[in-house]
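So the structure is just underneath, and the comments pick up after that.
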Amino acid sequence: MIKITMFSSADKVAGQGVGSAYLELVNLLRNQCSDNFEIEINHYNKSQISHYHTIDPLFYLSTFSKKRGRKIGYVHFLPETLEGSLKIPQPFRGLFYHYVIAFYKRMDQLVVVNPSFIKKLVAYGIPESKIAYIPNFVDSDRFHCVSPTTKKSLRKKYNVDAQRFVVLGSGQVQERKGVPDFIRLAKQNPDVDFIWAGGFSFGRLTDGYHELKKVVDNPPANLRFTGIVSRDEIAELNNLADLFLLPSYNELFPMSVLEAFSCGTPVMLRDLDLYHYIIDGDYEPASDVNEMQTKLELLQKDPARLAYLQKRAQIAAREYSKEHLANVWTDFYKEQARKGGA
């Protein structure tokens, strides 16, 4: 039995993907890998492996203790991926970015959720041998396809017209997520319903907060901002939607896309290079908001293309299933325990 201590404050801030990824992993290990691992949360007792999910200063100080055993760092973001998310003035922004990398350098092993970030970490002076790639995943017991009858019931529950084409986006309401483009598309397509599931997880610190808040408080008639909702509600919204759209400018491996895949919802994404490493061919790519508009119009008239994207979503969901990732994480932790002399 390998003792693993998880260090995280991600679940204290609702509506962010880091917290979702952390909770999914803890639930996976406790429910499917309990024969191999003993899991503790934010305890400072002696442990064979300490897995850091967030970069809290107190966690950083704990890395200097010999009780921590083998130190694993989860790379959910890099300094450049924070641009457009949080509004941090200089010189504090530069200091914070330096701290992020200093935290990662304290780790014995890093885990990235997208292989495209390996080279970027190497550029920060971290040896490639200390970086492993393990993708995110979602629980298919919660996120799964539903029948047409259930979909109709969900539309009624959320007061969504059964005949309207529905586009769903999810994540924090912020500039980086491309929310202004989502708003623009809603204004350009009054005959389509747009729903954004998510809110201002970091309040006024959110980049673009004041301008976005004006629209959130007074949206177009066909655009709905739900605010921060539960994971179960996210699953229901995915299942009532005809298309999931994430116009984000920068990501690692968004949980929201995996949630859509697992529900069999066709996906359109701003075509970022990093997606090519992990889900190439599984989504409808669009280079900018104008191409999103063009493809949105085409998809409404092309049920065969939507059906194809739905099939691709289901194929991708199997690759990133909890069953597959349970084996990956088990092998990873056992190898880390061996390297730590356990």
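The values are calculated or read from the model by the stated rules, or taken from the named source; none is laboratory data. Nothing here was measured: the structure is a model prediction, and the numbers come from that model. In this analysis, Cβ positions are derived from the backbone assuming ideal geometry, glycine residues included, and neighbour counts consider all displayed protein chains.
Things worth noting here:
- In summary, helices (runs of 4 or more DSSP H) completely within segment 221-306 and bearing 1 or more residues that are assigned by TED's automatic domain parsing to the domain that holds G178 and closer than 26 Å to P190 by Cβ occur at 231-240, 255-262, 289-301.
- Test result for N45, modelled with pLDDT of 80 or more and part of a loop (DSSP other than H, G, I, E, B): yes
- The residue pairs whose first member lies in segment 213-224 and is surrounded by 14 or more Cβ atoms within 10 Å (Cβ to Cβ), whose second member is part of a loop (DSSP other than H, G, I, E, B), and whose beta carbons are closer than 7 Å, counting only pairs six or more residues apart or on different chains, are V216/V173; N222/P190.
- Some residue of segment 177-194 being crowded, with 21+ Cβ neighbours inside 10 Å, farther than 19 Å from L272 by Cβ and of a type in the set (F, W, Y): yes
- Test: L29 is part of a helix (DSSP H, G or I), modelled with pLDDT of 95 or more and in the same structural domain as V100 (by TED's automatic domain parsing): no
- Single match in L95, L185 (criterion: in the same structural domain as L28 (by TED's automatic domain parsing), part of a helix (DSSP H, G or I) and among the aliphatic types (A, V, I, L, M)): L95
- Considered as a group, the residues in segment 112-161 that are of a type in the set (D, E) and in a loop (DSSP other than H, G, I, E, B) include one that is modelled with the highest pLDDT, and that residue is D161.
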